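No value in this document is a laboratory result; all are computed from the given coordinates. What you see is a predicted model, and the numbers here were worked out from it, not measured in a lab. Don't worry about glycine lacking a Cβ; one is built from the backbone with ideal geometry, like all the others, and counts go over all protein chains shown.
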């Protein structure tokens, strides 16, 4: 199982998604320049870490589900067609995460009248997306190889 390269891709994608879950994904600076707000997947936290506000579970839910599906996908190495479907589902969830990230960031900038600056950890799901595409390609290659060997018998 671990010797397959797609398993490594899936594990790295899981680790990157967990990293994005636990770190800020953007910084918001109010137009007055008096307050800096860190945007996490679930809420906003003021720079002084005194209070949290704007609870938004959409980003968190999408990323948690994508992380869980990707981690569960590692253990399905004997069922390659299901593994390909789950990898595709994780890819779709991560694309939806970026769409929701853009929409929510735009709404927050308008609501708080703030300037928005993405954090480098917002790129982690994009790298996970690339790794999931590579894993999908490897799984598909294995499936083709098994089918060609079945034809030879």
Quiz item: Sorted by packing (mean other beta-carbon atoms within 10 Å per residue), highest first, where do 142-148, 11-17, 57-63 land?
Solution: 11-17, 57-63, 142-148
Quiz item: So what is the relative contact order of the chain, in percent, for Cα pairs below 8 Å that sit 6 or more residues apart?
Solution: 34
Quiz item: Which value does Rg/Rh take for the chain over its C-alpha atoms, Rh per Kirkwood?
Solution: 1.13
Self-check item: region 60-128 - convex hull of the alpha-carbon atoms, volume per residue in Å³
Solution: 73
Exercise. Rounded to the nearest 10 degrees, what's the angle between the helix 57-74 long axis and the longest principal axis of the chain, both from Cα atoms, 0 to 90?
Key: 20
Practice problem: Quickly estimate the mean residue ellipticity at 222 nm for the chain, helices only: each DSSP H run with n ≥ 4 gives -39500 (n - 2.57), and the total goes over all residues, rounded to 500. | Solution: -22500 deg cm²/dmol
